[in-house]
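Comments concern the structure below.
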């Protein structure tokens, strides 16, 4: 069993990076506007299906990997402007219910368009097979996924810490009214921020479709672990989301190896332990985007 | 009240509510270019609400607000700011997790003028020393200076300054008022809200006193300052300091 440990740990890291990136998208939106986006998983699924259709119609996987998330961003910004924005001044409960309803509608729409069952979405030939890493061999597509997710996370961190727009976003999370009084159009901030969260969901959605399969409910299946990730990492902390995601991924992978029957509950047990020790989550006190 | 030609800021018949509660009732006031105008009154008189109404943070129910001739009532705050209205809020409202420099950079919204970050740091050298420090770790006085510097970076024609002496030691208050006096000397118009009436009247050209949302005094600051009995009557004994 121990010779399975290394690949299983790496599997856990890749899975954890998925949870982390979805959780970051959720956190971005939640931190700035208080919106708990229950439709986040639907945006992931939509990106997966769009990429699937593009590849079916002869486009390359690489084009689909870029174009599908961008289309989903456009849909996301339209949703933000038309449906979410009117609810900003109300209790968060309203936007939670609205996005929950939206996710149910989206799920039915996916069933109508792409059928109720899963569809096969394989990685391109260049990413098929396994790569030898010396002490173990590992599926090439999963290594590629790890690379893309790391690049996406680093790019986001640079955007938030090195650009003027990122600076305004970090400030707006602390005091939206004051940033407006200093001359920043907060409506534009909200839209870009929402789009950014959806972009991460879109990228994760296309990659997840190739790794975990694609069905009308596949995105929503990633949503609950992502919420648990946000709670473990600590509300408002981008870094916490990454750490939380990796911890959950590892916990699930290791329990799958040693106690398969417990793999489903592993993340909830981890969450309970973290909350008992630190009720704000691991990095919940360190400030927004910490 | 009719429009005052030439006024930088001209407010007429302003009524503002919080929900169903009426806060400002038929408030009219003006600020001319280069002038310091004190807006005085007890806690809850409506001073901060007047500023929030001008900025569009609490849009008025009725009345007109003209800035450099443009009707700005009900405009979103970012548009009012870009037009040249700087805000130094009560309690400073720093972005505590950002550095001094980052707080200043937030106010760079493209309005051109004399005030750049470099110039603000040159003018307020204490801020230059603290440029890399998180705003949350600055003292109250340093935060007040940063709040003023931040408002200046946007090159305002009018500064709305709300309770700048609040919670500061007397020496620091002196320094803050010295800076406000310098800005006045450079031609920046200031609408100054202050509970410490006599302190504000020292640098103000004109003054208004608000009581329960209504203007009960409008006139010369020097005259009001000279008549302490009147200040006491208008402001209540406990609020006459300095």
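Please verify whether residue B:81 is within 11 Å of chain A (Cβ to nearest Cβ), farther than 17 Å from residue B:212 by Cβ and not in a loop (DSSP other than H, G, I, E, B), treating the condition exactly as stated.
In short, yes.
Does any residue of the stretch A:148-157 turn out to be touching a strand residue (DSSP E or B) at 6+ places or on another chain (Cβ under 9 Å), surrounded by 16 or more Cβ atoms within 10 Å (Cβ to Cβ), in contact (Cβ under 8 Å) with a residue 40 or more places away in the chain and away from chain B (no Cβ under 14 Å)?
No - not one qualifying residue is present in the stretch A:148-157.
Give the number of residues within the stretch A:121-145 that are touching a helix residue (DSSP H, G or I) at 6+ places or on another chain (Cβ under 7 Å) and not in a loop (DSSP other than H, G, I, E, B).
Qualifying residue count, the stretch A:121-145: 9.
Name every residue in the stretch A:98-120 that is in a helix (DSSP H, G or I), in contact (Cβ under 8 Å) with a residue 12 or more places away in the chain and within 21 Å of the chain's Cα centre (by Cα), in order of residue number.
The answer is A:98, A:99, A:100, A:102, A:103, A:106, A:107, A:110.
Out of the helices (runs of 4 or more DSSP H) lying entirely within the stretch A:164-275, which hold 2 or more residues that are in contact with a strand residue (DSSP E or B) (Cβ under 9 Å, 6 or more places away or on another chain) and in contact (Cβ under 8 Å) with a residue 60 or more places away in the chain?
A:186-212
Conditions (1) more than 14 Å from chain B (Cβ to nearest Cβ); (2) buried (at least 23 other Cβ atoms within 10 Å of the Cβ); (3) at pLDDT below 95, marked per residue:
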| position | (1), (2), (3) |
| --- | --- |
| A:167 | no, no, no |
| A:179 | no, yes, no |
| A:182 | no, yes, no |
| A:192 | yes, no, no |
| A:201 | yes, yes, no |
| A:206 | yes, yes, no |
| A:210 | yes, yes, yes |
| A:213 | yes, no, yes |
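Just one of (1) more than 14 Å from chain B (Cβ to nearest Cβ); (2) surrounded by fewer than 17 Cβ atoms within 10 Å (Cβ to Cβ); (3) under 23 Å from residue A:238 (Cα atoms) trips up residue A:144, so point out which.
Exception for residue A:144: condition (2).
Write out, first by first residue and then by second, each pair whose Cβ atoms fall under 7 Å of each other, whose residues are 6+ apart or on separate chains, and whose first residue, in the stretch A:122-133, is surrounded by 11 or more Cβ atoms within 10 Å (Cβ to Cβ) while the second is in a strand (DSSP E or B).
Taking only residues 6 or more apart or on different chains, the pairs are A:130/A:137; A:130/A:138; A:130/A:139; A:131/A:137; A:131/A:138.
In this structure, does residue A:100 turn out to be surrounded by fewer than 20 Cβ atoms within 10 Å (Cβ to Cβ) and farther than 30 Å from residue B:76 by Cα?
Here the answer is yes, as residue A:100 does meet what is asked.
Restricting the search to the stretch B:105-122, which residues are in contact (Cβ under 8 Å) with a residue 40 or more places away in the chain and more than 10 Å from chain A (Cβ to nearest Cβ)?
Across the stretch B:105-122, the qualifying residues are B:112, B:113, B:114, B:115.
I need the full set of residues from the stretch B:50-66 which are within 14 Å of chain A (Cβ to nearest Cβ) and either farther than 24 Å from residue A:172 by Cα or assigned to a helix (DSSP H, G or I) (or both), in order please.
Once the filter is applied, which keeps residues that are within 14 Å of chain A (Cβ to nearest Cβ) and either farther than 24 Å from residue A:172 by Cα or assigned to a helix (DSSP H, G or I) (or both), the stretch B:50-66 yields B:51, B:52, B:53, B:54, B:55.
Given the structure, is residue A:102 touching a helix residue (DSSP H, G or I) at 6+ places or on another chain (Cβ under 9 Å), modelled with pLDDT of 95 or more and closer than 27 Å to residue A:149 by Cβ?
Considered against the rule, which asks whether it is touching a helix residue (DSSP H, G or I) at 6+ places or on another chain (Cβ under 9 Å), modelled with pLDDT of 95 or more and closer than 27 Å to residue A:149 by Cβ, residue A:102 comes out as yes.
Given the residues B:74, B:110, which is the only one that is out of contact with any helix residue (DSSP H, G or I) (no Cβ under 9 Å at 6 or more places or on another chain), farther than 27 Å from residue B:203 by Cα and part of a loop (DSSP other than H, G, I, E, B)?
Every option except B:74 fails the conditions.
So which of B:38, B:147 ends up being within 14 Å of another protein chain (Cβ to nearest Cβ), buried (at least 19 other Cβ atoms within 10 Å of the Cβ) and either touching a strand residue (DSSP E or B) at 6+ places or on another chain (Cβ under 6 Å) or not in a helix (DSSP H, G or I) (or both)?
B:147
Quick check, is residue B:138 out of contact with any strand residue (DSSP E or B) (no Cβ under 8 Å at 6 or more places or on another chain), at pLDDT 95 or above and within 14 Å of chain A (Cβ to nearest Cβ)?
Taking the combined requirement at face value, the residue does not satisfy it.
When the stretch B:150-170 is examined, which residues are found to be without any contact (Cβ under 8 Å) to a residue 40 or more places away in the chain and either within 14 Å of the chain's Cα centre (by Cα) or not in a loop (DSSP other than H, G, I, E, B) (or both)?
Answer for the stretch B:150-170, where residues must be without any contact (Cβ under 8 Å) to a residue 40 or more places away in the chain and either within 14 Å of the chain's Cα centre (by Cα) or not in a loop (DSSP other than H, G, I, E, B) (or both): B:165, B:170.
Quickly run through the stretch B:84-104 and pick out the residues that are in a loop (DSSP other than H, G, I, E, B) and more than 9 Å from every other protein chain (Cβ to nearest Cβ).
Once the filter is applied, which keeps residues that are in a loop (DSSP other than H, G, I, E, B) and more than 9 Å from every other protein chain (Cβ to nearest Cβ), the stretch B:84-104 yields B:84, B:90, B:91, B:92.
Give the residues of the stretch B:181-198 that are crowded, with 20+ Cβ neighbours inside 10 Å and assigned to a helix (DSSP H, G or I), sorted by residue number.
B:183, B:197
Would you call residue B:133 at the interface with chain A (Cβ under 10 Å from one of its Cβ atoms) and either at pLDDT below 95 or under 20 Å from residue A:171 (Cβ atoms) (or both)?
Spelling it out, it is not the case that residue B:133 is at the interface with chain A (Cβ under 10 Å from one of its Cβ atoms) and either at pLDDT below 95 or under 20 Å from residue A:171 (Cβ atoms) (or both).
The values are calculated or read from the model by the stated rules, or taken from the named source; none is laboratory data. The structure presented is a predicted model; accordingly, all values stated were derived computationally and were not measured. With ideal geometry, Cβ positions are generated from the backbone for all residues, glycine too; neighbour counts draw on all protein chains shown.
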